1. Specify which of the listed residues (R83, R91, R46) is part of a helix (DSSP H, G or I), over 19 Å from D155 (Cβ atoms) and under 14 Å from the mean Cα position of the chain (by Cα).
2. Please enumerate the residues belonging to the stretch 112-131 that are small (G, A, S) and either exposed (fewer than 15 other Cβ atoms within 10 Å of the Cβ) or in contact with a helix residue (DSSP H, G or I) (Cβ under 9 Å, 6 or more places away or on another chain) (or both).
3. I want to confirm something. Restricting to the stretch 146-167 and keeping residues that are modelled with pLDDT of 95 or more and out of contact with any Leu (no Cβ under 7 Å at 6 or more places or on another chain), which single residue is surrounded by the fewest Cβ atoms within 10 Å (Cβ to Cβ)?
4. From L104, L71, L85, L58, which residue is touching a Gly at 6+ places or on another chain (Cβ under 6 Å) and open to solvent by 20 Å² or more (accessible area, probe 1.4 Å)?
5. For the stretch 51-72, what are the residues that are assigned to a strand (DSSP E or B), hydrophobic (A, V, I, L, M, F, W, C) and under 15 Å from V143 (Cα atoms)?
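The values are calculated or read from the model by the stated rules, or taken from the named source; none is laboratory data. Only a predicted model underlies this, so the values are computations on that prediction, with no experimental measurement involved. Counting neighbours? That spans all protein chains shown, and the Cβs are built from the backbone with ideal geometry, glycine included. The accessibility values were calculated without ligands, DNA or RNA, using every heavy atom of the protein model including side chains. Shrake-Rupley method; radii C 1.70, N 1.55, O 1.52, S 1.80 Å.
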Amino acid sequence: MHGDVAESLKDSNQTETHPMTNPSSEHEKKLQQLLDKDAIRTLMSRYCHGIDKKDEALFMSIWAEDGTYELPRGQGSGTEGIRQLVQKVWREVPRCHHHITNPLIDVQGDKASAKTDVAYFRETADGARCLLSGGYSFEFARVKGEWKTKRLTFDSFVDTSPIFQNS
């Protein structure tokens, strides 16, 4: 009897139709999307840790060789231009702490984009303290199998927070 049940199950599994034409391919695509988005979130975190801790190696590791970095303090293109811009930021803003939130990541094959909000504390070289907020627009590309930042642009929402203003 057990053989009849096993044979019946085997036959029903072979004739069952599935709505997806190739389920393993669909699952692989979804899994790849999740892996890609996780790698991109990690790049954004590496950006924050690198700039906040003045870790040049970590900061520079996120960039494609032909990347572009755009801030109110200037623009840097290519590895050396980006390095010069972040060094300028570190001279002018010796202390900062970034919090990237609400990432909307769109992956299209070997290209991706993301929009985020950002709030960050900064203390400038003259001792001024501010809590600022804005948004980042990212463009990414898969380079030799690894995600890299092709463009990062900052847009300010609020100039300063009243928390740090003198009364």
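1. R46
2. First pass over the stretch 112-131, keeping only residues small (G, A, S): 112-114, 119, 125, 127-128.
Scanning the stretch 112-131 gives A112, A114, A125, G127, A128.
3. The qualifying residue surrounded by the fewest Cβ atoms within 10 Å (Cβ to Cβ) is E146.
4. Answer to the selection: L58.
5. Residues satisfying the conditions are W63, A64.
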